[in-house]
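Read the structure below first, then the notes.
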Amino acid sequence: METRPDIPAGTLYMLILKTLTRRGPLHGYGIAQHIQQTSEDILQVEEGSLYPALQRMLVKGWVTDEWKISENNRRARYYSLTPEGRKQLARELRHFDRVMGAISRVIQEV
Amino acid sequence: MRQLFRKLRFFLRRDQFERDLEEEIRYHLDRKAEEQIRPEAVLRQFGRVAQVKEESRRMWTSTLWEQFAQDVRYGIRAMTANPLFTAMAVLSLALGIGANTAIFGFLDGILLRDLPVERPGELVVLNWRASDQPKVIHRHSGSRYRDGKHGIASPNYPYPFYRLLRAKQDALSALFAYANMWELNLVAREQADISAGELVSGNYFHDLGVVPAAGRLIVDEDDRAGAPPVAVLSYGYWRKRYLSDPAAVGQVIRINHVPVTIIGVSAPGFFGVNPAADPSVYLPLLSAPRFAPKPAEDERRRFLEKDSYWVEMMGRLRPGVSLIQAQAELAGRFHQYAVSTVTSPKEKDSLPELWLEPGAGGLDSLRRQYSEPLFVLMAMVTLILAIACANIANLLLARATSRRREMAVRLSLGAGRGRVIRQLLTESLLLSVTGAILGLFVALWGIRSITWLLANGQENFTLRASLSWPVLAFTAALAVATGVLFGLAPALQATRVDLTSGLKESQIGTPGRFRRFSLSQALVAAQIAISLILVIAAGLFVRTLSNLHSVQLGFNRENVLIFNMNARQAGYKDAALATVYGDLLDRFGRIPGVRSAGLSQAPLAVGFWNSTGLTIPGASKTLGAGLETCIEPVDPSFLATMQIPILAGRGFQQHDMEAPRVAVVTEQFAGKFFPNENPLGRRIGLGDSKSAADIEIIGIAKTAHYNSIQEQDTPPVAYVPYTQNLDNLGSVFFELRTAGDPLLTINTVRQIVHQEDSTIAVSGVSALAAHIDQTIGKEITFAQLCTCFAVLALVIACVGLYGAIAYAVARRTNEIGIRMALGAERWSIQWMVLRELLTLAASGIAVGLLIAGSTTRFVASFLFGLKHNDPAVLSVSVLLLAATAVAAAYAPARRAARVDPMAALRHE
């Protein structure tokens, strides 16, 4: 069985931020699910990296949190994007595009 | 910035955070488990929850904490990399901070500590002051002191005024009175003690809010004329005499021969309202006449007399009333009272004026006695700490220069300047905190030895210092302040690096002189200046002490045992009193090893003063009226025992103890009252002007110091037989001249007294020389401490000087090599180094002299026999400093001269 690839370093924040713009407020489990499903099971977010990342984003002020009742009737912490987070997403996307572009130019060079 | 606030909120609500995280992760794992039913995954959950939580928490706490931990690790590595520097820095800081902590401990003890009673902040002390001796006061017993701006001040009031105030209180919610009783004779469990007691009004304990440790305390019912005599023991006395036995309550002790029932014991730690006193018993105010040595009738009168000032008062401010308001009200009432007691127009001048002082700290007698010396000591230890700081700053500066390359690398790798400074400061704070921790041990030792020095053999020394919380806080503040003080300048200098040149620069500096006047040189000069000030201070105090020790007292103080007793308090009266003293004197004289035994009402030169009116029939008119002389009642062998020679006439003999009345006067007395005549055979009268002049002068004794070592003009003294005035005979001192160590006879003396009558207490036993030294305890302490401080300062400054010069030489090895290669002689290299040092030393000494000239006058009142700008002290100090500086610089200068030119040039 092919092992699942790790999420490239530094891109987890971008993935979380993007997920939140797409789906609106969401709990941690939902974010992990969304990333896994959208990437067609290739990217799997371990909780060991997801929750520290979410805490870091709270520190940075990119997201805020709120306790709500989830779809299965339990309390869950929902994260939502702040304007600061929206700006950060734009920055990360720009950065990612440049790096990806550069990498692909290097590896496609014949 | 906003991040910081968020982190702060996190710190404040950590528990909430933990719960949230826990719940969130459980939720996640539960959902996951529901989906993929794999039991082993669920089993592993528990471990994972903790791990995820840990990681998440780190997101909040990381950065700052981690950077700090990193800095500390780095700092410790830097400290261990250079153990000699670290040891020196930590040691000098430990000494400096320790000395500061110790002295501050004492200041805290006398200035900042509150009385151990309920709500001390409300307490006020009632004092009065007057511009001059108030004539309206006819009798005054208690204390009175000079109050700088206002003339005379005192806490004593007439008892009727206390009753008057107590009857109607507006500004005060409570008012209580007390008075000291020095030297009570306590006989408890067949052991006699001489001890202080306190007379207190019935509401004293209640209003102070003191609780009993056993039994009950004095209440209003006890404080009535005619009430059965009762006493409350102090906790300390109860522990000492009754070994904390609760059965002491209800027992009877004898106080000045009066049986008194013990009703209770006061709270542990309670010492009355005067931190300087530590009474053993508290007695109701109105029971005072029972214990009086004089006829009780006299004593009862002072409760009624409106112009007899003796009782002290404290009150509590009513909530909402300010000190000023209360003062206005009470001062008005006291003025009215004082005016009502005026008996002649002359008494209207300089009426005493009531004034309130905050009483939270109790009475301020300790403060008056010790605050000035302690402030002087505090200034000195601050200077020492300043030298230590300058020293470390200098060493750090030197190190910073050698770490320029490291700094340049770190800065060029993108570390912010602030971050690097923070790291350097962490290093210096590590040093100072380590120093402060060691300093606490130094302080403990210092407090113990300074207490010992200040107490100087006093049995009931009450100035106590300890490492209380305020003192520890002071030490912590000192550690941080010193760390920043000596660390900041070097850190700023170290990070002010021009990157390119810093990276390229070699270890050895470019040839040339120091910068014209660098920070490092300024620090060295400052150290020299401060050391000079401390050396001058030490010189002044040491000379003061040697002046005091070389004073000729006029009697031989060596090998004399002295002790005090008061048989009147044990129930002896008049003739019986004289007999018991005479008996004892005989038996003391027969102790083996005792050459002779004498008796006097007061010992010489230890602060006693007993003066009386003098009448001389047929005296020359130029002497004027109202003559006074000091008198010293003695036994026939006193003068011989003290080895005071008789210059003319004869000394006392046994038959002089009976009538006719005779006196031996001092040379001083003869010269003053009989300037051109022979006083032998003349008659004088002692006492008030009505007393008959029936005392014949039979001899002239050589003048001996009467009141103190320091006295410049010895007063005229008349020695008279102690049996001449039996009414006034009470407490006496015995002087035993011994062949060897006088203290060896103590036990025999106690046995003899115990055999004679076990209720007579012997107190104040000491060698006369030591007893006299106690009166100059302050001067001795100052001389010893200052010498220590000056040596300490010199050592620290030497190390600093050596370090600075050695470093300068090392930096210039290259240049010196070139000079020598070009033909410079060794001596000229040596001279070059020494010249730099001498310039520094000279400027330091000049500054030090300037400052010393203006500051030593603050200690002028502590000096004896010399002025604050004593030229001998100044010049010796300057020489000492210059010699020390040259000695410190000699080794590096020699090393400079021994530089091998080839090696120096290849050094690169």
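Net charge dipole, chain B: roughly 3980 debye, given to the nearest 20, about the Cα centre with Cβ charges of +1 for Lys and Arg and -1 for Asp and Glu.
Which of rounded, prolate, oblate describes region B:286-367, given a ≥ b ≥ c as roots of the alpha-carbon gyration tensor eigenvalues and a/c under 1.5 marking rounded, otherwise prolate only if a/b is larger than b/c? Don't skip to the end; give the middle numbers.
On the way: a/c = 2.29, a/b = 1.28, b/c = 1.78.
Oblate is the answer for region B:286-367, as a/c is 1.5 or above yet b/c matches or exceeds a/b.
Projected onto their three principal axes, the Cα atoms of chain A cover extents of 56, 38, 21 Å, largest first.
With an 8 Å Cα cut-off and a minimum separation of 6 or more residues, compute the relative contact order for chain B in percent. List each step's numbers first, then the result.
Values: 1541 pairs, mean separation 136.4, N = 908.
That works out to 15 percent.
Got the relative contact order for region B:802-908 handy, in percent, Cα pairs under 8 Å and 6 or more residues apart? It comes to 59 percent, rounded to a whole number. Computed from the C-beta positions of residue B:763 and residue B:81, the FRET efficiency with R₀ = 56 Å rounds to 0.35. Within a straight-line Cα-Cα reach of under 18 Å, residue B:32 can be paired with the following lysines, leaving aside sequence neighbours fewer than 8 residues apart in one chain: B:53.
Tell me, what is the FRET efficiency for residue B:448 and residue B:70 to the nearest 0.05, using R0 = 51 angstrom and their Cβ-Cβ distance as r? List each step's numbers first, then the result.
Values: r = 40 Å, r/R0 = 0.79.
In this case the efficiency is close to 0.80.
In this Cβ point-charge picture (+1 for Lys and Arg, -1 for Asp and Glu), the protein assembly as shown has a dipole of about 4120 debye about its Cα centre.
Quote to one decimal, in nm, the extra length available between residue B:710 and residue B:33 on full extension: 0.36 nm per residue of separation minus the C-alpha distance between them. Could the numbers behind the result be given before it?
Working: separation 677, 0.36 × 677 = 243.72 nm, distance 9.47 nm.
Result: 234.2 nm gained on full extension.
When the charge dipole of region B:251-369 is built from unit charges on Cβ atoms (+1 for Lys and Arg, -1 for Asp and Glu) and taken about the Cα centre, the candidate among B:363, B:281, B:339 whose Cα reaches farthest toward its positive end is B:281. Spacing of the modelled spin labels on residue B:240 and residue B:252, each 7 Å from Cα toward Cβ, amounts to 2.5 nm.
Ordering B:734, B:795, B:65 by Cα displacement along the dipole of the protein assembly as shown toward the positive end leaves B:65 in first place; charges were set at the Cβ atoms of Lys, Arg (+1) and Asp, Glu (-1).
Between residue B:620 and residue B:835, the simple spin-label model (points 7 angstrom out along Cα→Cβ) gives 7.1 nm.
Measuring between alpha carbons in the structure, the pairs from B:573/B:690; A:18/A:60; A:18/A:68 lying more than 18 angstrom apart are B:573/B:690; A:18/A:68. Here the residues B:54, B:836, ranked from fewest to most Cβ neighbours within 10 Å of their Cβ, fall in the order B:54, B:836.
I'd like the orientation of helix B:746-756 relative to chain B: the angle between its Cα long axis and the longest Cα principal axis, in ° from 0 to 90, rounded to 10. Helix B:746-756 sits at roughly 40 degrees to that axis. Counting only lysines at least 8 places from residue B:306 when in the same chain, those with an alpha carbon closer than 21 Å to its own are B:135, B:168, B:294, B:346, B:348. Shape index of the protein assembly as shown: Rg/Rh, with Rg the Cα radius of gyration and Rh the Kirkwood radius from the inverse mean 1/r over Cα pairs, equals 1.12. Take the Cβ atoms of residue A:64 and residue B:883, set R0 to 51 Å, and the FRET efficiency comes out at 0.10. Taking the C-alpha atoms only, the angle from helix B:14-35 to the longest principal axis of chain B is near 40 degrees.
If neighbour count is taken as other Cβ atoms inside 10 Å, put B:178, B:337, B:204 in order from fewest to most.
Numbers: B:178 21, B:337 17, B:204 26.
Placing the least packed residue first, the sequence is B:337, B:178, B:204.
Counted residue by residue at 0.36 nm each, then reduced by the alpha carbon distance between them, the extension gain from residue B:118 to residue B:306 reaches 64.4 nm.
Any chance you could list the semi-axes, whole Å, largest first, of the equivalent ellipsoid that the Cα gyration tensor gives for region B:548-598, using √(5λ)?
Details: eigenvalues 155, 48, 15 Å².
The answer is 28, 15, 9 Å, longest axis first.
Using the alpha-carbon positions of chain B, Rg (one decimal) and Dmax (whole number) come out as 36.7, 129 Å.
Of all DSSP bridge pairs formed entirely within region B:651-768, close to 45 percent run antiparallel.
With only Lys, Arg, Asp and Glu charged, each at its Cβ (+1 for the first two, -1 for the last two), find how big the charge dipole of region B:246-328 is about the Cα centre; round to the nearest 20 debye. Before the final figure, lay out each step's value.
Numbers: 9 positive and 7 negative charges, 35 e Å.
Using only the charged Cβ atoms, the result is roughly 160 debye.
Between residue B:170 and residue B:318, full extension at 0.36 nm per residue minus the direct alpha carbon distance yields a gain of 52.5 nm. Seen against the Cα atoms of chain B and their longest principal axis, helix B:871-897 is set at about 20 degrees. Ordering B:212, B:782, B:706 by the projection of their Cα atoms onto the charge dipole of chain B, which places +1 on the Cβ of Lys and Arg and -1 on the Cβ of Asp and Glu, puts B:782 at the extreme positive end.
Candidate cross-link partners of residue B:240 among the aspartates and glutamates, defined by an alpha-carbon separation under 16 Å and a same-chain spacing of 8 or more, comprise B:190, B:193, B:278, B:459. Residue exposure proxy: B:588, A:96, ordered by other Cβ atoms within 10 angstrom of their Cβ from fewest to most, comes out as A:96, B:588.
Since every read-out is calculated from the coordinates, none of them should be taken as a lab result. Only a predicted model underlies this, so the values are computations on that prediction, with no experimental measurement involved. So basically every Cβ, Gly included, is an ideal-geometry build from the backbone, and we count neighbours across all protein chains shown.
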